[in-house]
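Q: One structure is given below, represented as structure tokens, and several questions about it will come after.
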């Protein structure tokens, strides 16, 4: 490890909403909080809610979910395309004409090949953080020139492959940069190479997702003693090091804190270029991290708000001297996913109504284990897939796993869920049904994308088939049944 001295980063924690999304997105010297922006948020949310209700009803009518198939995940392709368009428009509006901008989707958010293919067709690149994610991006047809490799633990073989393919690589630390030195000396590469820095501007309300704290595991900690000078020298000694990367966190991060992290990286790039006497750093990778509102259908904060805040805070970022890379994930997909589960039983305990469903920890591990940070909205539908009416009743929505805490929602007021009804976990298009947790060997649900069928109805397309029992057995060593009963 390179030694820079003791760390001196601060630990801001400011402006967070109780639902885990970031506050303070409006204001802060931007005009992102205009009435037009608020109206757009509401309009997008209302349109998404209409499509959701239509899709749930169609899923029941078409048998995608039923007594024999009690769990399914749905993705709104119209909504996904709208989010991509909003992202591109927001950055185009503040960038100088001709500025090269690559919006790279963080594959970890929804690692499903058809989703990546859809995003690629919409002009989005990919940010990958493992050999598996790179394999998914390649399977989706994403070219190396539109792929960025980030990871704090890249192996020599991973680096060698990325450099051979021409994939952009962001080194995480001095030891990794030394590995890249050796690879660059031994072979030619078309890969842009950058270095990730931790601006140490502080954390948000969810510590596990705050990557710019004083002791974050990611990047070179800029405020540690001697670190900044080491970074500048690293660039001056390597003319081929042309990018700079930072990412301060995601859910729970105030937008102003994210902008401060970007400003720190921009200031460092300016210093490197001044001392180099040329524009050595030509591209800034500013990460992603736009928080998602899990409390309502509104899309807030918006890409427009964040882009305008960045333009106000770091105006030089968009003047055309730097190419830009973004790495948004959750904010592109979350609002467009539904986990739909049949209510197998309705019961009560201690006077509390309990709906026992087939969606729990296996699809929503974060919500089950950390509900304060990761609350989910749950919508009630009847056995025909229609929104339930009736008075709100305080109830728990439970999952199928064998422990008491397997709850999607606890003490939630909503129309009473009864046997045969459906509970829909909303805003689950990112980090939910594509991140299966194998508790109780519960099967991964099928995933279907949906869109208009051209005749006023809903058409579905298979994104991923449901996991079979044979596949569960195979993944659990079924081919090696006698491995421990022989000579060992």
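The values are calculated or read from the model by the stated rules, or taken from the named source; none is laboratory data. All values derive from a computational prediction rather than experimental measurement. Here Cβ is always computed from backbone atoms with ideal geometry, including for glycine, and neighbour counts include all displayed protein chains.
Q: Residue 63: in contact (Cβ under 8 Å) with a residue 24 or more places away in the chain, part of a loop (DSSP other than H, G, I, E, B) and surrounded by fewer than 23 Cβ atoms within 10 Å (Cβ to Cβ), yes or no? Step through it out loud before you land on a result.
A: Working: in contact (Cβ under 8 Å) with a residue 24 or more places away in the chain: no; part of a loop (DSSP other than H, G, I, E, B): yes; surrounded by fewer than 23 Cβ atoms within 10 Å (Cβ to Cβ): yes.
For residue 63, the condition - in contact (Cβ under 8 Å) with a residue 24 or more places away in the chain, part of a loop (DSSP other than H, G, I, E, B) and surrounded by fewer than 23 Cβ atoms within 10 Å (Cβ to Cβ) - is not met.
Q: In this structure, does residue 111 turn out to be surrounded by fewer than 21 Cβ atoms within 10 Å (Cβ to Cβ) and more than 28 Å from residue 153 (Cα to Cα)? Explain how you work it out, then say what you get.
A: Details: surrounded by fewer than 21 Cβ atoms within 10 Å (Cβ to Cβ): yes; more than 28 Å from residue 153 (Cα to Cα): no.
Answer is no for this residue.
Q: Surrounded by 20 or more Cβ atoms within 10 Å (Cβ to Cβ), within 20 Å of the chain's Cα centre (by Cα) and closer than 20 Å to residue 60 by Cβ: is that true of residue 433 in this structure?
A: yes
Q: Which of the numbered conditions does residue 196 fail, given that it passes all the others? Conditions: (1) crowded, with 23+ Cβ neighbours inside 10 Å; (2) in contact with a helix residue (DSSP H, G or I) (Cβ under 9 Å, 6 or more places away or on another chain); (3) outside any loop (DSSP other than H, G, I, E, B).
A: (2) is the only condition that residue 196 fails.
Q: Could you please tell me which pairs satisfy a Cβ distance under 8 Å, a separation of 6+ or placement on different chains, a first residue in the range 467-488 that is closer than 12 Å to residue 438 by Cα, and a second residue that is part of a helix (DSSP H, G or I) and modelled with pLDDT of 95 or more?
A: Close Cβ pairs (under 8 Å, with a partner that is part of a helix (DSSP H, G or I) and modelled with pLDDT of 95 or more) amount to 472/441; 476/441.
Q: In the set 390, 385, which member is touching a helix residue (DSSP H, G or I) at 6+ places or on another chain (Cβ under 6 Å), on the phi > 0 side of the Ramachandran plot and surrounded by fewer than 24 Cβ atoms within 10 Å (Cβ to Cβ)?
A: Numbers: 390 fails: touching a helix residue (DSSP H, G or I) at 6+ places or on another chain (Cβ under 6 Å).
Result of the check over 390, 385: 385.
Q: Can you report the number of residues in the range 232-255 which are modelled with pLDDT of 95 or more, assigned to a helix (DSSP H, G or I) and either farther than 19 Å from residue 281 by Cβ or in contact with a helix residue (DSSP H, G or I) (Cβ under 7 Å, 6 or more places away or on another chain) (or both)?
A: Matching residues across the range 232-255 total 4.
Q: Still on this structure, I have one more. I'd like to verify a number: residues in the range 73-129 that are part of a helix (DSSP H, G or I) and either touching a strand residue (DSSP E or B) at 6+ places or on another chain (Cβ under 8 Å) or modelled with pLDDT under 95 (or both), how many?
A: 14
Q: Another question about this same structure. Which members of the range 443-488 meet the condition of being over 16 Å from residue 58 (Cα atoms), touching a strand residue (DSSP E or B) at 6+ places or on another chain (Cβ under 9 Å) and assigned to a loop (DSSP other than H, G, I, E, B)?
A: Of the residues in the range 443-488, the ones over 16 Å from residue 58 (Cα atoms) are 443-445, 463-488.
Cutting the leftovers down to touching a strand residue (DSSP E or B) at 6+ places or on another chain (Cβ under 9 Å) gives us 443-445, 463-467.
Of everything in the range 443-488, those that are over 16 Å from residue 58 (Cα atoms), touching a strand residue (DSSP E or B) at 6+ places or on another chain (Cβ under 9 Å) and assigned to a loop (DSSP other than H, G, I, E, B) turn out to be 443, 444, 445, 465, 466, 467.
Q: Which residue, of 136, 159, is over 27 Å from residue 278 (Cβ atoms) and in contact with a strand residue (DSSP E or B) (Cβ under 8 Å, 6 or more places away or on another chain)?
A: Details: 159 fails: over 27 Å from residue 278 (Cβ atoms).
Every option except 136 fails the conditions.
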